[in-house]
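Let me begin by presenting the structure, written as structure tokens, before commenting on it.
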There are 2 protein chains.
Amino acid sequence: MAICHHQPQFGISSSSFPFTTNLSNKSHLHLPSSFRCNISITRNLEPEPVYTCVKSFSPATVANLGPGFDFLGCAVDGIGDYVTLKVDPQVHPGEISITDISGTGNSAKKLSKNPMWNCAGIAAISVMKMLNIRSVGLSLSLEKGLPLGSGLGSSAASAAAAAIAVNEIFGGKLPALDLVMAGLESEAKVSGYHADNIAPAIMGGFVLVRSYDPLELIPLKFPVEKNLWFVLVNPEFEAPTKKMRAALPTEITMSHHIWNSSQAGALVAAVLQGDLIGFGKALSADKIVEPRRAPLIPGMDGVKKAALEAGAYGCTISGAGPTAVAVIDDEEKGREIGEKMVEAFMGEGNLKAVAMVKKLDRVGARLVSHN
Amino acid sequence: MAICHHQPQFGISSSSFPFTTNLSNKSHLHLPSSFRCNISITRNLEPEPVYTCVKSFSPATVANLGPGFDFLGCAVDGIGDYVTLKVDPQVHPGEISITDISGTGNSAKKLSKNPMWNCAGIAAISVMKMLNIRSVGLSLSLEKGLPLGSGLGSSAASAAAAAIAVNEIFGGKLPALDLVMAGLESEAKVSGYHADNIAPAIMGGFVLVRSYDPLELIPLKFPVEKNLWFVLVNPEFEAPTKKMRAALPTEITMSHHIWNSSQAGALVAAVLQGDLIGFGKALSADKIVEPRRAPLIPGMDGVKKAALEAGAYGCTISGAGPTAVAVIDDEEKGREIGEKMVEAFMGEGNLKAVAMVKKLDRVGARLVSHN
């Protein structure tokens, strides 16, 4: 039921999407109740803009989640990127111009304003192509709330915010799965062909990437009555995705495979059952990826130990790191855990770090204003 | 929440168990509502028999379920083993005697009546030890409804039926997790230390084995309003577990690991969400075990193809084979699929086969009568 296929053909879009009910109030997206995907051809229908200016937000995302390596991710609220998008007569019709990139830290300086080399730009162009925009030019400004290479889905957040902004300025014709496809195109160029950040960035909550060809995504609904807080501790340390990927083993023993697969199953069950203890336990139980990557992040083993000793249900590396993520059901307790983790990064890794305590984002990328 | 730990110490039993509500009507087992495990010492308390004779039944089980290799299994109703257990003054107190083994096919002739070498006997002795039975002798007769080495959890069914019979004749003092431990002791001696048959045989439904040390089991509740039928097609072919295990790869590529793990997650999600299409798809998607084992079962690839073409949602090898299992939501449709699978076993593997269409068993091993 909760699966949707996508044939990634330009101009052809699936017209429905398997969001679970907690997202049904996401009025700016087209979310039919049916889970079946019908194909509608949008090739010859160029929509007109319904707004002159929109501002969108996309949350940060935590990918991998321990044994969910490369196929599971979730969105965290209250931290992410903003995109402001305007209909701009100065821009050549059918094109997009990036006018401004702002934000704290290293993000703004390092990013290109060439839309072909910018994750927001690539996703925006992809959505414009899907919508067949030929008569309107757009200008985009990007406000980075996420540091680059932190393991919090920085590139996916920019892509998701841009994709949703373009879609919404033209009346929200495309379903979320198309926006994930657009974001995936961006991710492929910037950080590798993987959907475990872009899918939850756009859809919110937890998303399991079941397959890429065709793209099939399974939203996993964490029960609304349960609280889930993420303690995100970001050290001043560069852990490039490529280097973290090179650290992975190419071959895995059968016993490790069985162990990690069973933990992946337990992780999924814990999310759907709202079982925080089981979730934390599975999150912490990866025997394949974390043991290879943790030694590359100074102090990470000690940080995990400190988080668990301070009462976190589980702890692992967020994405490809270096951010450490711990989980808890109480915000105040999360702050205490964060302090211990920051201390451990300094004490065991000689790294300065900052802690944030953020809730599970159940909505995903969304409009925040429009004119 | 749905996890229970077990410290496998003789004489110490966990006094509660994480059954989900669909099993709460299983009145012959002690099923407290709490999921926490408290330890109670039964060492010095020898219970007295509350019946002179009991008859128990344990369902067959389908282990592995494709990408759930070695950690996932489920019970199927309407086929399994029976145990009749009597308080017998002729048997030395504290001991058990196997008086009779009956059943169709090869089962009865091949099994030892020495309780130390019989899966029902080993499990029964283990439960007697847990209960500290010293003053009562028991005689057991086993009625095999399952063929040996079929991939339908034959040894687990005998062990489960025996374990529950001994527990119940003494008033059902032990929680299900202890009975799984007793059955696991039997499985370890007969077919390898794995709980993916014995756990669902005793608990019913789907069970994920999260860890062995301590034993942690996660029941996965398939929604009660949904129908799930298994088409079980058993060919006349011997596929010994040891040979099927030797066919497994020792090393797995990272890409196969990620694929199978994501399918395991999707399988768990599909069970909990009652998504039969997703369940079938994940069931069929194993890239690690089935490709190695299927070629050892003549015609298996063709049987799978025939099942899917006939409308099954998914198909794979049941346990270590040679039984093929397909899934569907309609009994009549299941019969049609079964016929096609039987034809394919003959046409492509030159093997005679019989098909059965059985429902998901949501209860597990149970008493069927007592005096």
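The values are calculated or read from the model by the stated rules, or taken from the named source; none is laboratory data. From a predicted model like this one, the values you see are computed outputs, not experimental measurements. Backbone-built Cβ (ideal geometry, glycine too); neighbour counts: all protein chains shown. Each accessible area value is taken on the protein alone, full model and side chains, heavy atoms only, with ligands, DNA and RNA left out. Shrake-Rupley method; radii C 1.70, N 1.55, O 1.52, S 1.80 Å.
Give me the pairs: first residue in the range A:310-321 and under 11 Å from residue A:239 (Cα atoms) and open to solvent by 10 Å² or more (accessible area, probe 1.4 Å), second residue of a type in the set (S, T, N, Q) and outside any loop (DSSP other than H, G, I, E, B), beta-carbon distance under 6 Å, and six or more apart or on different chains, which are they?
Here the result reads A:320/A:241, each pair linking the range A:310-321 to a residue that is of a type in the set (S, T, N, Q) and outside any loop (DSSP other than H, G, I, E, B).
Mind checking which residues of the range A:172-211 are within 13 Å of chain B (Cβ to nearest Cβ) and in contact with a Pro (Cβ under 9 Å, 6 or more places away or on another chain)?
Answer for the range A:172-211, where residues must be within 13 Å of chain B (Cβ to nearest Cβ) and in contact with a Pro (Cβ under 9 Å, 6 or more places away or on another chain): A:199, A:205, A:206, A:207, A:208.
Out of A:203, A:181, which single residue is under 15 Å from the mean Cα position of the chain (by Cα), at pLDDT 95 or above and open to solvent by 10 Å² or more (accessible area, probe 1.4 Å)?
Exactly one of A:203, A:181 is under 15 Å from the mean Cα position of the chain (by Cα), at pLDDT 95 or above and open to solvent by 10 Å² or more (accessible area, probe 1.4 Å), namely A:181.
Among what's in the range A:213-248 and is under 28 Å from residue B:281 (Cα atoms) and at the interface with another protein chain (Cβ under 10 Å from one of its Cβ atoms), pick the residue that is surrounded by the most Cβ atoms within 10 Å (Cβ to Cβ).
Only one residue tops the list, namely A:218.
Using the structure shown, decide if residue A:285 is within 14 Å of chain B (Cβ to nearest Cβ) and of a type in the set (Gly, Ala, Ser).
So residue A:285 fits the description; yes.
Go through the range A:165-220 and count every residue that is hydrophobic (A, V, I, L, M, F, W, C), out of contact with any Phe, Trp or Tyr (no Cβ under 8 Å at 6 or more places or on another chain) and assigned to a strand (DSSP E or B).
Residues that pass the stated criteria total 4.
Working only within the range B:250-260, note down all residues that are part of a helix (DSSP H, G or I) and touching a helix residue (DSSP H, G or I) at 6+ places or on another chain (Cβ under 7 Å).
B:257, B:260
Scan the range B:271-294 residue by residue and report those that are farther than 17 Å from residue B:70 by Cβ and out of contact with any strand residue (DSSP E or B) (no Cβ under 8 Å at 6 or more places or on another chain).
Correct list: B:273, B:274, B:275, B:277.
Pull up the range B:89-113, narrow it to residues that are assigned to a loop (DSSP other than H, G, I, E, B) and open to solvent by 70 Å² or more (accessible area, probe 1.4 Å), then point me to the one that is nearest to residue B:158 (Cα to Cα).
Ranking the candidates gives B:113 first.
For the range B:184-195, how many residues meet the condition of being open to solvent by less than 10 Å² (accessible area, probe 1.4 Å) and either of a type in the set (S, T, N, Q) or under 17 Å from residue B:210 (Cα atoms) (or both)?
Here the count works out to 3.
Go through (1) within 18 Å of residue B:176 (Cβ to Cβ); (2) at pLDDT 50 or above; (3) open to solvent by 70 Å² or more (accessible area, probe 1.4 Å) one by one and return the number of the condition residue B:86 breaks.
(1)
Check off (1) open to solvent by 20 Å² or more (accessible area, probe 1.4 Å); (2) within 17 Å of residue B:361 (Cβ to Cβ) for residue B:160 and give me the number that stays unchecked.
(1)
For the range A:256-265, how many residues meet the condition of being within 7 Å of chain B (Cβ to nearest Cβ), more than 22 Å from the chain's Cα centre (by Cα) and either over 10 Å from residue A:68 (Cα atoms) or not hydroxyl-bearing (Ser, Thr, Tyr) (or both)?
Number satisfying all stated conditions: 4.
Return a yes/no flag: does the range A:222-245 have any residue that is assigned to a helix (DSSP H, G or I), within 22 Å of residue A:120 (Cα to Cα) and either touching a residue at least 24 places away in the same chain (Cβ under 8 Å) or among the small types (Gly, Ala, Ser) (or both).
The answer is yes; a qualifying residue exists.
Restricting the range B:243-267 to residues that are in contact with a strand residue (DSSP E or B) (Cβ under 6 Å, 6 or more places away or on another chain) and of a type in the set (A, V, I, L, M, F, W, C), which is farthest from residue B:72 (Cα to Cα)?
So, considering only residues that are in contact with a strand residue (DSSP E or B) (Cβ under 6 Å, 6 or more places away or on another chain) and of a type in the set (A, V, I, L, M, F, W, C), the one farthest from residue B:72 (Cα to Cα) is B:252.
Table: residues versus (1) under 23 Å from residue B:256 (Cβ atoms); (2) surrounded by fewer than 24 Cβ atoms within 10 Å (Cβ to Cβ).
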| position | (1), (2) |
| --- | --- |
| A:267 | yes, no |
| A:272 | no, yes |
| A:279 | no, no |
| A:331 | no, yes |
| A:339 | no, yes |
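Residue B:233 - would you say it is in contact with a Phe, Trp or Tyr (Cβ under 8 Å, 6 or more places away or on another chain) and modelled with pLDDT of 95 or more?
Yes, satisfied.
Residues B:135, B:141: which one is in a loop (DSSP other than H, G, I, E, B) and surrounded by fewer than 24 Cβ atoms within 10 Å (Cβ to Cβ)?
B:135
Do we find that residue A:169 is buried (at least 24 other Cβ atoms within 10 Å of the Cβ), more than 22 Å from residue A:318 (Cβ to Cβ) and in contact with a Pro (Cβ under 7 Å, 6 or more places away or on another chain) in this structure?
For residue A:169, the condition - buried (at least 24 other Cβ atoms within 10 Å of the Cβ), more than 22 Å from residue A:318 (Cβ to Cβ) and in contact with a Pro (Cβ under 7 Å, 6 or more places away or on another chain) - is met.
With respect to residue A:130, determine if the residue is open to solvent by 10 Å² or more (accessible area, probe 1.4 Å), aliphatic (A, V, I, L, M) and modelled with pLDDT of 95 or more.
Considered against the rule, which asks whether it is open to solvent by 10 Å² or more (accessible area, probe 1.4 Å), aliphatic (A, V, I, L, M) and modelled with pLDDT of 95 or more, residue A:130 comes out as yes.
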